[in-house]
1. Before we move on, is SER33 modelled with pLDDT under 70 and part of a helix (DSSP H, G or I)?
2. Tally time: how many residues in the stretch 94-123 are closer than 15 Å to VAL72 by Cα, of a type in the set (A, V, I, L, M, F, W, C) and over 17 Å from the mean Cα position of the chain (by Cα)?
3. Taking the condition modelled with pLDDT under 85, more than 19 Å from the chain's Cα centre (by Cα) and not in a loop (DSSP other than H, G, I, E, B), does SER6 pass?
4. Here is a check on your reading of the model: is LEU193 buried (at least 19 other Cβ atoms within 10 Å of the Cβ), over 12 Å from the mean Cα position of the chain (by Cα) and over 23 Å from GLY40 (Cβ atoms)?
5. Answer yes or no as to whether GLY218 is under 26 Å from THR176 (Cα atoms) and of a type outside the set (A, V, I, L, M, F, W, C).
6. Somewhere in the stretch 199-218, is a residue within 30 Å of THR95 (Cβ to Cβ) and among the hydroxyl-bearing types (Ser, Thr, Tyr)?
7. Which of the following residues is more than 23 Å from SER33 (Cα to Cα) and of a type in the set (Ser, Thr, Tyr): SER196, SER212?
8. If a residue has to be surrounded by fewer than 18 Cβ atoms within 10 Å (Cβ to Cβ) and in a helix (DSSP H, G or I) to count, how many in the stretch 130-146 make the cut?
Amino acid sequence: MAPSSSSSKETFLPGLNKRYLKSFVGLFHALCSVIALVVGNYLFIQCFLLGNDILASSEVDGSSLLPTIFHVTTAASGILLVFFWNKIQSYQHATTSLKAKGMTPKQMQNVNRARGCYALILCAVYPLMYRYLPDETLRDTVLSRAVAAAMVAATVCMYNILKVYGKGLFILYAGTKFGFSLQVLFAGSLYSLRESYPHLVNFFEKEALMISCCVEFGFLLYYCESRRIVSVPFVRDACKRYHPLLIFVFIVNMLKEKFWSRLPMSVSWATLLECVLVFLFLKKMTRGIITTVVETVRSKKESSDKRESFARKQRRTSVFDVTSSAGRRSSIFESIDFGELSSSLGSSRGINLNALKEE
């Protein structure tokens, strides 16, 4: 009997079910994402916060295990996401809704595709080529220009997707790759650019750390939220703190290294725009924090004044206050005639003594 159409749709290869294949790919994608996030954060802390530039030292002594693991798992995470192309989230847990941003869920899904797939793959292309291709291959102008043309096409595609969300996001994720790829098209050789700018590879690897950690962290939290492992406020607060922190540290480090004197103009212009965007965001964030603090202090003062006025009013209208016939408010104890009270107490005491004597 011929197999049914439904069973043929569920089978990818003879004896291999598509569902099992997708589960295996999903597990491998999750593993690559977690490894890239953990190794990337470790390298980020070592290079930016502790001053131990493992990326630069690995180029000299050849100990490139951790950088290789990071770049390979980052690229694999972006490639494997293609298998879940239609399941990428089409929403965002931000304080501003998609409607207020003028976006549709489909556009938001495309933005997440550009960040989760294109950006991760592009981050790993040049570092892996410079690390593992021999100098003879890097001198090949045909190969260099072919790769540069593919990178330009991919970055232009990213621009068309990300411009709906914000052009600054394109500068952050793909600006340096776009400018450098254009220069490779005119220069014709990856090798000549590396010889002219020795710090170029180190910059691309550090930028890959920042971009990959931001993307992987966000996607991991969104996945955990979809499985009800964490809450939506937790995802929102964690991303609002983690992403700006990494970007600020990266920009400050680039300024300390004086990137404009170490990088070609095709890369420096995008990095300079990143600095401008970061400082504008920092200004906006500082203004928002100050406004929030002022409003909090003002609301606390208003509530304190209300409590104080209410307490003052309660003291004026005490149960022990009485109003005299003249209309003057006084304490109830002032209206008691202690002379009459003492005489009445004495008379009652005398009556009680006489009664006792008669008994």
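The values are calculated or read from the model by the stated rules, or taken from the named source; none is laboratory data. Computed from a predicted structure; not experimentally measured. FYI the Cβ positions are ideal-geometry reconstructions off the backbone, even for glycines, and counts take in every protein chain you see. For accessibility, only protein heavy atoms count, side chains too; no ligands or nucleic acids. Shrake-Rupley method; radii C 1.70, N 1.55, O 1.52, S 1.80 Å.
1. Answer is no for this residue.
2. Result for the stretch 94-123: 4.
3. Considered against the rule, which asks whether it is modelled with pLDDT under 85, more than 19 Å from the chain's Cα centre (by Cα) and not in a loop (DSSP other than H, G, I, E, B), SER6 comes out as yes.
4. yes
5. Yes.
6. Checking the stretch 199-218: at least one residue is within 30 Å of THR95 (Cβ to Cβ) and among the hydroxyl-bearing types (Ser, Thr, Tyr).
7. Numbers: SER212 fails: more than 23 Å from SER33 (Cα to Cα).
Going through SER196, SER212 in turn, just one is more than 23 Å from SER33 (Cα to Cα) and of a type in the set (Ser, Thr, Tyr): SER196.
8. Looking only at that region, the number is 9.
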